[in-house]
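Written out below as C-alpha cells is the structure these notes cover.
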Amino acid sequence: MFLTFIPLSLMGCGDLLYLSKLGWHQSSISFHSVPVQEVLKKKELGHEAKDRIQFIQEVKRYGEERLGLRKTNSYSSYFEVKGPVLYIVTASEKDRLQLYRWNFPITGKVTYKGFFTREDILKEKRSLETKGYDTFVQQAAAYSTLGWLKDPIFSSMLQRDESTLANLILHEMTHATIYFKGQTDLNEQIATFVGNQGAIDFLTEKYGKGSEEVAEAIHGQEDDLVFSRWVDQACQTLSDFYAKEASRDEKLRGREGLFHRFKEDFKGMMVSFKTESYKNFEKVDINNAVLLAYRRYIHRLERFQILYEQLGRDTRKVVDHWKAIQVSGGKGGRRSTLKNPEPTNRESE
C-alpha cells in the first residue's frame with residue numbers, strides 16, 4: 001500500500017489535522033531510524049535478523065537492476081516497531097458495491113485511509129459507520145511513500161519468511177515506480193503481480209527453480225489467483241442482487257443470507273490453498289467493505305498473467321509496459337493487452 005504526504009498548504013482544515021498527525025508520526029519514524037550499517041554491527045541483533053536485513057538489500061538491488069524498479073534510498077535504515085506498522089480503513093455503501101473515496105490534491109481519490117494509531121483508526125471507523133457505511137480495518141505490514149521519503153525496514157518485516165518478504169519489498173517498490181493518480185485498485189493490482197512474479201524470479205535466481213523457497217512463492221501466487229476468482233464471483237453475485245428492484249431495507253436484509261453463503265463457500269474451498277495467506281479470512285465478518293478491500297489487490301489477476309505470457313514471461317517487460325502507459329498519461333500511445341487497461345475513474349461496480 002502507499003501512504004500519502006501532501007504539502008499542508010493544499011489541504012482543508014480536516015485534512016490539515018490528518019496530514020499533520022501523519023507527518024508527525026512519519027517524522028518520528030525517520031528521526032529514530034538507524035542506518036542499516038550501524039544495525040548490522042549491533043551484537044544484540046541476532047544472526048537471523050541480520051541475514052534478513054541483508055536479504056532485503058539483495059531484493060532491492062534485484063528490483064532496481066533486473067526489474068527496472070525506481071532507485072531510491074528506501075530500506076537503507078531500520079526502525080524498531082511495536083505493534084502494527086500502520087492501520088488502514090476501507091468503507092463502502094451498504095446497498096451497492098461502491099467504495100468511499102478520500103480525495104487528496106496530488107494523489108487524487110484513494111479508496112483507503114491510513115493511520116498510525118489504533119485510536120485514530122477506530123475514530124475514523126466510527127465516523128464512517130455513523131454515516132451509514134460498511135467498514136473494514138486492516139493492519140499493514142509496510143507502506144510506500146511513493147519515493148518521496150526513505151521508507152525504512154521495519155523490525156516486524158524480519159519475522160517473515162524469504163518468499164513473503166521478497167514479495168513485500170517488491171510490492172512496495174512497485175508503488176514508488178508506477179502510480180496512476182486516483183486509481184488505487186489498479187495501482188495495488190500491478191504491485192501485487194510484480195511482487196508475486198518478481199519474488200518467484202528473484203528466488204529462482206538465488207536458490208534454483210526446484211527450491212523450497214521458489215515453491216513457496218509459486219504457491220502464494222496460486223493462492224492469490226484462487227482467491228481472486230472467488231472474491232470476484234462473490235462481488236458479481238452481490239452486484240446482481242443489489243441491481244434488483246427492491247427497497248434498501250430489503251436489500252440490507254437479503255444480503256445477510258448471501259454473506260452467510262459466501263462464508264460457507266469459503267470454508268469449503270480452504271483445502272485448495274497451499275499457504276496460510278488467507279487463513280484468517282474465515283474469522284472476518286463479511287460486508288461490502290471487506291470484499292472490496294480484498295478485491296482491491298487481486299481483482300482479475302489472470303489478466304496480468306496473460307499480459308506476462310504475451311510479453312515473453314518477462315517481468316521487466318511488464319514493469320516497462322506500465323511505466324510506458326504512465327508516461328503517456330494513461331491514454332493513447334502504447335496500448336495494453338489487458339481489457340480496459342488504461343486507468344479509468346471507475347474502481348468498483
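Per-structure values
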| quantity | calculated |
| --- | --- |
| Interchain or long-range residues, amide H under 5 Å from GLN98's placed H | GLU93 |
| Highest-fluctuation residue, ASP320, ASP185, ASP285 considered, GNM on the chain with Cα pairs under 10 Å | ASP285 |
| Lys/Arg +1, Asp/Glu -1 at C-beta; the chain dipole; positive extreme among VAL226, ILE29, LEU203 | ILE29 |
| Dipole in debye (nearest 20) - the chain, about Cα centre, beta carbon charges: Lys, Arg +1; Asp, Glu -1 | 780 debye |
| Overall form of the stretch 141-247 per C-alpha gyration tensor (a/c, 1.5; a/b vs b/c) | oblate |
| Cα-based convex hull, the chain, per residue volume (Å³, whole number) | 147 Å³ |
| Sites LEU225 and LYS41 - FRET efficiency at Förster radius 35 Å, r taken between beta-carbons, to 0.05 | 0.25 |
| Global geometry of the stretch 205-247, whether rounded, prolate or oblate, following the gyration tensor of its Cα atoms and the 1.5 cut on a/c | prolate |
| Peptide ranges 16-24, 175-183 listed from the most packed, as the mean C-beta count within 10 angstrom indicates | 175-183, 16-24 |
| Structure-based [θ]222 nm, the chain - -39500 (n - 2.57) summed over DSSP H runs of at least 4, per residue, nearest 500 | -17500 deg cm²/dmol |
| Cα-Cα over 22 Å, subset of LYS113/LYS317; LYS43/LYS71; LYS60/LYS317; LYS21/LYS109; LYS82/LYS150 | LYS113/LYS317; LYS43/LYS71 |
| Loop-located GluC sites (Glu not before Pro) in the stretch 242-300 whose Cβ has at most 16 other Cβ within 10 Å (DSSP) | GLU245, GLU276 |
| Base-10 log of normalised Debye intensity for the stretch 60-152 (one unit scatterer per alpha-carbon) at q = 0.10, 0.12 Å⁻¹ | -0.37, -0.52 |
| Mean separation of Cα contacts under 8 Å (6+ apart) over length of the stretch 54-153, as relative contact order % | 37 percent |
| Residue (of ALA91, ALA49, ALA215) at the positive-pole extreme of the chain, dipole from beta-carbon charges | ALA91 |
| Whichever aspartates and glutamates have a C-alpha closer than 15 Å to that of LYS263, once near sequence neighbours (fewer than 8 apart) are set aside | ASP232, GLU282, ASP285 |
| GNM flexibility winner over the chain from LYS42, LYS150, LYS274 (Cα, springs under 10 Å) | LYS42 |
| Computed accessible area, THR107, all protein chains, 1.4 angstrom probe, square angstrom | 10 Å² |
| The stretch 57-112: GluC sites (Glu not before Pro) falling in loop per DSSP and having at most 13 other Cβ within 10 Å | GLU80 |
| Axial C-alpha extent at least 20 Å, average Kyte-Doolittle at least 0.0 - helices from the chain (DSSP) | 13-32, 162-177 |
| Cα gyration tensor shape of the stretch 214-337, rounded if a/c is under 1.5, else prolate or oblate by comparing a/b with b/c | oblate |
| Amide proton proximity set for ARG70, modelled H, under 5 Å, gap of 5+ | THR177 |
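The values are calculated or read from the model by the stated rules, or taken from the named source; none is laboratory data. This one's a predicted model, so the numbers in the text were calculated from it and none came from an experiment. FYI the Cβ positions are ideal-geometry reconstructions off the backbone, even for glycines, and counts take in every protein chain you see. We work out accessible area using only protein heavy atoms, side chains counted, and drop any ligands, DNA or RNA first. Shrake-Rupley method; radii C 1.70, N 1.55, O 1.52, S 1.80 Å.
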